[in-house]
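Remarks on the structure that follows.
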Amino acid sequence: MSWFKERAAYSEHMAYRDLNPNRYVEKYGTNKHSDHSKVLSSDLSINQNLVDNLLYKLMILLPNRTLSLPQNITIVTDYKWSEHRDNDSSVIGCSLFFTLLQNGLLLRRGRIILSNWGNRGEPASVYEDAFSRFIIVELLKPKSTTNYNGINQYGFHKYLNAKFAKLIPEYKILGVPKEVKRDILKTLETDFGLTVKDQSILLELVNIHDGNNKELLKFLQQLIIIGLVKEVHRGRLPELELTSFNDRPSMKEISVNSLER
C-alpha cells in the first residue's frame, strides 16, 4: 500500500525523480538520523502502512466537517479534497480548504495539506516508497487569494512509534525565538488547556487502529490550534482574539460534530 501511488501527479513526480536521482537516496539509515523517531521499524513497509492508515482516515474524516475549538474558534472544512502539486511535481498530495471563524465572523481561509515535502525527513530510510509524509496547515496571507503562510507542520518520521502502532505525543515547537516560544507555550496552556511538559506539548495520544476517529480528530485540531497561536504571537494573525483560559472551555471540552455520519 502506498497512498502516494494513488495521487494524480504520481507519474509526473516519478519522472521528476528520474531527472534528480540523488535527491531521494538513503544517507543515514532507519533510526540513525537525529531528526527521526527512535522507534521506527527497520521494515520500511510497516512504517509506510501505519502512516498511510492515518492518511486514509483523515481523507475520510475531515471533509464537510465543523470543528468547534476553545476561544469561540470554528473551523469549517470544504466538502472534498483536491489534488495538490507544485509546479515541477516534486511535492504532491491532497489539500482540503477550510474557513476560520471566531464568534461566527470570517477571519481567513486556509488549507490542510497531506503530502511529501520534498526530501525532508530522509524518506528513503523511513518508508518503502521513499515519500516523506507530512500534515501541513496553511492560512491565506492577508488580502491574497493565492499565497499562503505555513502555520504548522507535522512530519510523521519524527513521531511514529512503529513498535506499538501509535504516535509519540510529545511535540516540540520549532522555528521561533526562545522568548516567543515561551509565550506560545504559556498561551496554549492557559488559554487552550494543552499540557506542556519539558518544553514540549503533549498532543492527543493517537493509536493506529480502526476505532481512533475521535482521538485522530482531536490531534488534528491541536495541530491547528498550535499553528494559530504561533501566528498570533508572530503578529501575522491580529484578527484572532485570545482571552483568559478561566472563562473558556479547555481542550477536553472540544466538540467534534457528526462523528458518526
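Those residues that are on the phi > 0 side of the Ramachandran plot and open to solvent by 50 Å² or more (accessible area, probe 1.4 Å), I need them from region 146-193; list them, please. So that I can check it myself, show each step before the final result.
Filtering region 146-193 for residues on the phi > 0 side of the Ramachandran plot gives 165, 175, 193.
Gly175 - this is the single residue of region 146-193 that is on the phi > 0 side of the Ramachandran plot and open to solvent by 50 Å² or more (accessible area, probe 1.4 Å).
Counting residues in region 130-139 that are acidic (Asp, Glu), open to solvent by 10 Å² or more (accessible area, probe 1.4 Å) and either over 19 Å from Phe219 (Cβ atoms) or part of a helix (DSSP H, G or I) (or both) gives zero. Being of a type in the set (Ser, Thr, Tyr) and in a strand (DSSP E or B) is true of Tyr154.
Would region 192-199 turn up any residue that is touching a Pro at 6+ places or on another chain (Cβ under 6 Å), assigned to a strand (DSSP E or B) and under 25 Å from Gly110 (Cα atoms)? No, region 192-199 contains no residue that is touching a Pro at 6+ places or on another chain (Cβ under 6 Å), assigned to a strand (DSSP E or B) and under 25 Å from Gly110 (Cα atoms). Cβ contacts < 8 Å: first residue more than 13 Å from Pro123 (Cβ to Cβ) and in contact (Cβ under 8 Å) with a residue 40 or more places away in the chain, restricted to region 1-24; second residue open to solvent by less than 80 Å² (accessible area, probe 1.4 Å) and in a helix (DSSP H, G or I), any location; separation 6+ or different chain. Result? What qualifies is Met1/Gln48; Met1/Asn49; Met1/Asp52; Arg7/His13; Tyr10/Phe4. All conditions but one from (1) in contact with an Asp or Glu (Cβ under 7 Å, 6 or more places away or on another chain); (2) within 26 Å of Val39 (Cβ to Cβ); (3) at pLDDT below 95; (4) not aliphatic (A, V, I, L, M) apply to His233; the one that does not is (2). Residues that are out of contact with any Gly (no Cβ under 7 Å at 6 or more places or on another chain), open to solvent by less than 10 Å² (accessible area, probe 1.4 Å) and modelled with pLDDT of 95 or more within region 103-122 comprise Gly110, Ile112, listed in sequence order.
May I ask you to say which residue of Val51, Val39, Val91 is of a type in the set (A, V, I, L, M, F, W, C), open to solvent by less than 40 Å² (accessible area, probe 1.4 Å) and either over 30 Å from Lys143 (Cβ atoms) or modelled with pLDDT under 95 (or both)? Give the derivation first.
On the way: Val39 fails: open to solvent by less than 40 Å² (accessible area, probe 1.4 Å); Val91 fails: either over 30 Å from Lys143 (Cβ atoms) or modelled with pLDDT under 95 (or both).
After ruling out the rest, the residue left standing is Val51.
Applying the selection to region 60-73, what residues are under 17 Å from the mean Cα position of the chain (by Cα), surrounded by fewer than 17 Cβ atoms within 10 Å (Cβ to Cβ) and under 20 Å from Gly227 (Cβ atoms)? It would help to see each step written out before you state the result.
Residues of region 60-73 that are under 17 Å from the mean Cα position of the chain (by Cα), as a first pass: 60-63, 65, 67, 69.
Those still in the list that are surrounded by fewer than 17 Cβ atoms within 10 Å (Cβ to Cβ) too: 60, 63.
Matches in region 60-73: Pro63 only.
Among the candidates Gly118, Gly93, Gly104, single out the residue that is in contact with a His (Cβ under 9 Å, 6 or more places away or on another chain) and on the phi > 0 side of the Ramachandran plot. Give the derivation first.
On the way: Gly118 fails: in contact with a His (Cβ under 9 Å, 6 or more places away or on another chain); Gly104 fails: in contact with a His (Cβ under 9 Å, 6 or more places away or on another chain).
Only one candidate qualifies: Gly93.
Mind checking whether some residue in region 74-87 is of a type in the set (Val, Ile, Thr) and open to solvent by 70 Å² or more (accessible area, probe 1.4 Å)? There is no residue in region 74-87 that is of a type in the set (Val, Ile, Thr) and open to solvent by 70 Å² or more (accessible area, probe 1.4 Å).
The values are calculated or read from the model by the stated rules, or taken from the named source; none is laboratory data. None of these values were measured; they are calculated from a predicted model. FYI the Cβ positions are ideal-geometry reconstructions off the backbone, even for glycines, and counts take in every protein chain you see. Note: accessible area is taken over every heavy atom of the protein model, side chains too, but ligands, DNA and RNA are not part of it. Shrake-Rupley method; radii C 1.70, N 1.55, O 1.52, S 1.80 Å.
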